[in-house]
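Here's the structure we're looking at; comments come further down.
The values are calculated or read from the model by the stated rules, or taken from the named source; none is laboratory data. Treat the numbers as computed from the prediction; the structure is a model and nothing was measured. Cβ sites come from the backbone with ideal geometry, for glycine too, and all protein chains shown count toward neighbours. The protein model used for the area step is the full one, side chains on, heavy atoms only, and it has no ligands, DNA or RNA in it. Shrake-Rupley method; radii C 1.70, N 1.55, O 1.52, S 1.80 Å.
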Amino acid sequence: MRSHRVADIAEQAGLSEATVDRVLHGRPGASPRAVRAVEQAVAELDRQASALRLGARSLVLDVVMQAPDRFSGEVTAALESQLSGLRPAAVRARYHLRESGTVDDVVATLEGIGRRGRTSHGVLLKVPDEPAVAAAIDDLADRGIPAVTLVTDVHGSRRIAYAGPDHVSAGRTAAHLVQRWGRGDLASVLVTLSRSSFVGERTRVEAFVEQMSATAPHVEVRRVADADGLDVATAAVVAAELEDVSAPLGVYSVGGANRAILATLRAKGVPPSVYVGHDLDADNLGLLRTGEIDLVLHHDLREDARAAITAVLQHHRLVPGAPTSLASGVQVVTRHNIPARMVRGSA
């Protein structure tokens, strides 16, 4: 653990130098979570150092995400898979991850990156679509630090590109699947978002509702949001929304926490007639295999990560072309066509 400076480990882990020093020297006062964060930071710095030794120029990207750990872990793995072996520059990432928080928290993180100035060569963001966040992105642009929105966009900002799925296509596809897979007497569909301020999730739901209104106007759409995709909070809002529901219903889970949603439905005795989720994280892979959810709309996070990193390299004129927003395709996955790399990775 002593091959990196305490300051670098602290910055990578998002901890104070004092806490990192306690962990490194085995002194009391550090929580198990802090120990894990330091170990992960050292492992990430080791991987990045190996890549840096191979590159002609080194860049540092700050990754700012508000998402459940299960999803931010998938994004981190996707980014790290694309960072190794990059040419003509070696790129390492610093992670600023939180499961929930306020707009002020996000703005404070971006302002901190801006104050460090040229130590950051770009910022990758999965953050709420709020005017204050857009203003913070614009401030980074004024300081010469480009931003790329990842998976969900921030309207009205001077980000250089968006890298993520086509949310309109995803929402319409989900509506088609709910109608085709759901029972003929389907009367209502529960739609869950992690947070309505994420424009990507909001766009999916708007497209879903529009498609359902056009092709199945008799089906009631019941929405719950703003539980951050966390299990306990999501279970609470779902239980409150379904207090008067006893008949089977469809579920379109945009914001995750599917184990909690399913447990809540079981407790109420309300079986889902069709269940559509998003993203092939570890939870959803398990639920898909056991048949507890029927379908997952999947987009390749590695493709999104590659597009985001390329946009930053283009901004710095290290690779040809101009930064361009790219929407990745959405794949319908059942238990029978799980991508081979994920089958191998979870075996």
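Of the residues making up the range 56-71, those that are assigned to a helix (DSSP H, G or I) and not hydrophobic (A, V, I, L, M, F, W, C) number 2. Cβ separations smaller than 9 Å between residues 6+ apart or across chains give the following pairs from the range 185-210 residues that are in contact (Cβ under 8 Å) with a residue 12 or more places away in the chain and farther than 19 Å from N258 by Cα to residues that are part of a strand (DSSP E or B) and among the acidic types (D, E): A187/E220. All of S157, S169 fail the test of being hydroxyl-bearing (S, T, Y) and within 23 Å of G329 (Cβ to Cβ), apart from S169. Whenever a residue of the range 319-339 is in contact (Cβ under 8 Å) with a residue 12 or more places away in the chain, its partners that are open to solvent by 50 Å² or more (accessible area, probe 1.4 Å) and part of a loop (DSSP other than H, G, I, E, B), lying with C-beta atoms within less than 6 angstrom and at least six residues away or across chains, give the pairs A327/D166. Residue by residue through the range 72-97, note down the ones that are more than 16 Å from A311 (Cβ to Cβ), open to solvent by 20 Å² or more (accessible area, probe 1.4 Å) and assigned to a helix (DSSP H, G or I). Selection gives G73, E74, A77, E80, S81.
Going by the structure shown, is G277 open to solvent by less than 60 Å² (accessible area, probe 1.4 Å), farther than 26 Å from A163 by Cβ, among the small types (G, A, S) and in the same structural domain as S194 (by the TED database)?
Values: open to solvent by less than 60 Å² (accessible area, probe 1.4 Å): yes; farther than 26 Å from A163 by Cβ: no; among the small types (G, A, S): yes; in the same structural domain as S194 (by the TED database): yes.
When the stated conditions are applied, G277 does not pass them.
Scanning the range 117-151 for residues that are closer than 24 Å to P165 by Cα, in contact with a helix residue (DSSP H, G or I) (Cβ under 9 Å, 6 or more places away or on another chain) and acidic (D, E) returns D129, E130. Considering (1) open to solvent by less than 30 Å² (accessible area, probe 1.4 Å); (2) in a helix (DSSP H, G or I); (3) not aliphatic (A, V, I, L, M), the lone condition that R172 does not fulfil carries the number (1). Being open to solvent by less than 10 Å² (accessible area, probe 1.4 Å), modelled with pLDDT under 95 and more than 11 Å from L193 (Cα to Cα) is the requirement here; does A240 meet it? For A240, the condition - open to solvent by less than 10 Å² (accessible area, probe 1.4 Å), modelled with pLDDT under 95 and more than 11 Å from L193 (Cα to Cα) - is not met. Looking at A207, A233, just one residue is closer than 23 Å to V127 by Cα and either open to solvent by less than 10 Å² (accessible area, probe 1.4 Å) or not assigned by the TED database to the domain that holds G171 (or both), and that residue is A207. Filtering the range 252-288 to residues that are over 23 Å from R172 (Cα atoms) and either of a type outside the set (A, V, I, L, M, F, W, C) or touching a Ser or Thr at 6+ places or on another chain (Cβ under 8 Å) (or both) leaves R259, A260, T264, R266, K268, G269, V270, P271, A282, D283, G286. Would you confirm whether or not the range 280-289 contains a residue that is in contact (Cβ under 8 Å) with a residue 40 or more places away in the chain, touching an Asp or Glu at 6+ places or on another chain (Cβ under 6 Å) and in a loop (DSSP other than H, G, I, E, B)? Within the range 280-289, one or more residues are in contact (Cβ under 8 Å) with a residue 40 or more places away in the chain, touching an Asp or Glu at 6+ places or on another chain (Cβ under 6 Å) and in a loop (DSSP other than H, G, I, E, B). When the range 12-34 is filtered for residues that are in contact (Cβ under 8 Å) with a residue 60 or more places away in the chain and open to solvent by less than 50 Å² (accessible area, probe 1.4 Å), only Q12 remains.
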